[in-house]
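Working notes for the structure below.
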Amino acid sequence: MLGLSRRCLRRVRIRPPRQFTRPFTVLGIETSCDDSCVSVLDIEPHSLPIIRHNVVRRSLNLSEPHGGIVPNIVAMFHVNALGNALSEVRDAGGLKNVDLIAVTRGIPNLDFG
């Protein structure tokens, strides 16, 4: 099974996922390619997340004339758009009582130099 020996499998302990018992608020920041997004979600135990704020900034109009994503142009777009999106959420009162911040890590194919 799974290409592992029985002795190895006996040592593996699979724990059930932890269930959270209190509500919490998550600030999500996404800038992985050509969009900059900021969202605030309220998460309650045993129910679907509620989207409190969702701001999306797209850079398609900057990339289309070049036939695809140009890393230098999109990198500068992220710098400006992310700050503006965070300010918009902040001004709407969305950054109060945030318990967790989730972000994309790294930007594929975009080198900031």
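The values are calculated or read from the model by the stated rules, or taken from the named source; none is laboratory data. Worth saying up front: this structure is predicted, and the values here are computed from it rather than measured. All Cβ positions, even for glycine, are placed from backbone atoms using ideal geometry, and neighbour counts span all protein chains on display.
Things worth noting here:
- Some residue of the stretch 82-89 being in contact with a helix residue (DSSP H, G or I) (Cβ under 8 Å, 6 or more places away or on another chain) and modelled with pLDDT under 90: no
- Some residue of the stretch 80-89 being in a strand (DSSP E or B), under 23 Å from R105 (Cβ atoms) and within 13 Å of the chain's Cα centre (by Cα): no
- Leading residue by the ranking (farthest from the chain's Cα centre (by Cα)) among those in the stretch 19-39 that are over 14 Å from L95 (Cα atoms) and not in a loop (DSSP other than H, G, I, E, B): D35
- Single match in A85, A75, A81 (criterion: over 14 Å from G28 (Cβ atoms) and in contact (Cβ under 8 Å) with a residue 40 or more places away in the chain): A81
- For the stretch 17-29, the candidate set comprises residues that are surrounded by fewer than 16 Cβ atoms within 10 Å (Cβ to Cβ) and touching a residue at least 24 places away in the same chain (Cβ under 8 Å); within that set, the residue that is farthest from N97 (Cα to Cα) is Q19.
- Against the test of being more than 14 Å from the chain's Cα centre (by Cα), without any contact (Cβ under 8 Å) to a residue 12 or more places away in the chain and more than 23 Å from C33 (Cα to Cα), the options G67, G93 yield a single qualifying residue, G93.
- Qualifying residue in the stretch 90-101 (condition: in a helix (DSSP H, G or I) and at pLDDT 85 or above): yes
- Residue within the stretch 42-54 that is in a loop (DSSP other than H, G, I, E, B), farther than 30 Å from Q19 by Cβ and not hydroxyl-bearing (S, T, Y) present: no
- All positions within the stretch 33-65 that are of a type in the set (G, A, S) and surrounded by 13 or more Cβ atoms within 10 Å (Cβ to Cβ): S36, S39, S59, S63
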